[in-house]
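Structure first, then comments.
What follows is calculated from the coordinates using simple rules that are stated; it is not laboratory data. Owing to the predicted nature of the structure, the values given are computational and were not obtained by experimental measurement. Quick reminder, even Gly has a Cβ in these numbers, built from the backbone with ideal geometry, and neighbours come from all protein chains shown.
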Amino acid sequence: MTSLDAQLPEHPLQRFFRSRRARPTFEWERHQLRDVLVIDHPQCQAVFSRQGAQLLHFQPQGQKPWLWCAAQWPQVGAIRGGVPVCWPWYGRHPGESGWPAHGWGRLLDWKLIDSSESEKGVSLHWRLQLWDWQVDLHAELGQGMELRLSTRHEDSEPCHFSHALHAYWRIGDVAEVALEGLDGAQGYDELSRQVCQQHGELRVAGGCQRVFEHAGALQLQDPT
């Protein structure tokens, strides 16, 4: 184990998997005033919150946890960590300064439509229905993690919206991490409020909050 490995604390939601009692694959628990779905499968362990259909913990068998999550959650409001669903806008609302950052999707309770398991892992389908909108999140978890977010607006009038899956990856030292695959991508720097273009791999020195127009594969390199 490297020194950076030793510095990483235990994920706060690993507490659900310490017990020696046999646990079903899917089990609802109550944690910090939220309903959470605890998933224990031979291929992976995971925790979702009903609020926001937010994946808060994911650990494939034989690997370290992939996601970071805050140990303490506010009594009311967004949970920091995991993979929040940003919907129906990302970041600040363009016209309403008093509306919540990243929209309402991560603040509302979603309905679990379906959950199933196989030898390879588990599949889940979450849904949020609000006014004329239907938002669906499909998750495939096993030795890997795949999340698919889709939005349907059942109205004849045109509308504007954006959505995103905002992952908090669990890393050792941000100064040692590199994101590959963005070379040449155009983007917008939220801190400087200027357009930007990436040259080579992305490394973080100080604050970084950028949105890129990019549809290709990305790879996060973490030496820990």
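By count of other Cβ within 10 Å, fewest leading, how are 196, 86 ordered?
Numbers: 196 14, 86 20.
Fewest to most other Cβ atoms nearby, the residues stand as 196, 86.
Separation of region 107-131 and region 28-79 by C-alpha centroid, Å?
14 Å
Let me check against my output: what whole-number percent is the relative contact order of region 87-173, with C-alpha pairs under 8 Å and at least 6 apart?
The value is 22 percent.
Go through 36-43, 201-208 and give me the packing order, highest mean Cβ count within 10 Å leading.
Details: 36-43: 19.2, 201-208: 12.0.
So the peptides 36-43, 201-208, ranked by packing, come out 36-43, 201-208.
Return 19, 118 ranked ascending by Cβ neighbour count within 10 Å, so the fewest neighbours appear first. Can you show the working numbers first?
Values: 19 8, 118 11.
Starting with the residue having the fewest Cβ neighbours, the order is 19, 118.
If you consider only alpha-carbon coordinates, what radius of gyration and Dmax does the chain have, in Å?
18.4, 58
Which ordering of 119, 27 is given by a fewest-first count of other beta-carbon atoms within 10 Å? Don't skip to the answer; put the middle values down first.
On the way: 119 8, 27 12.
Going from least to most buried by this count: 119, 27.
Charges at C-beta only: +1 for Lys and Arg, -1 for Asp and Glu. How large is the resulting dipole of the chain about its Cα centre, in Debye rounded to 20?
On the way: 21 positive and 27 negative charges, 167 e Å.
With Lys and Arg at +1 and Asp and Glu at -1, about 800 debye.
Per residue of region 206-215, in order, report the coupling 6.51 cos²θ - 1.76 cosθ + 1.60 (Karplus, θ = phi - 60°) as ³J(HN,Hα) in whole Hz, putting x for Gly and Pro.
These are the phi-based 3J(HN,Hα) values: x, x, 8, 8, 10, 10, 10, 8, 7, 10 Hz.
With all distinct Cα pairs included, what does the Kirkwood hydrodynamic radius of region 173-224 come out to in Å, to one decimal, could you say?
On the way: mean 1/r = 0.0864 Å⁻¹.
One decimal place: 11.6 Å for the Kirkwood radius.
Which value in nm describes the separation of the simple spin-label points at residue 10 and residue 80, placed 7 Å from the Cα toward the beta carbon?
Roughly 2.2 nm, to one decimal.
How far apart, in nanometres, would the label points at residue 204 and residue 150 be if each is projected 7 angstrom from Cα along the Cα-to-Cβ direction?
3.2 nm
How high is the relative contact order of region 3-170, given as a whole-number percent (alpha carbon pairs under 8 Å, six or more residues apart)?
Details: 340 pairs, mean separation 30.9, N = 168.
Value for region 3-170: 18 percent.
Tell me which residues come under 5 Å, amide H to amide H, from residue 45 once H is placed; ignore anything under 5 positions away on its chain.
Here 59, 61 satisfy the definition.
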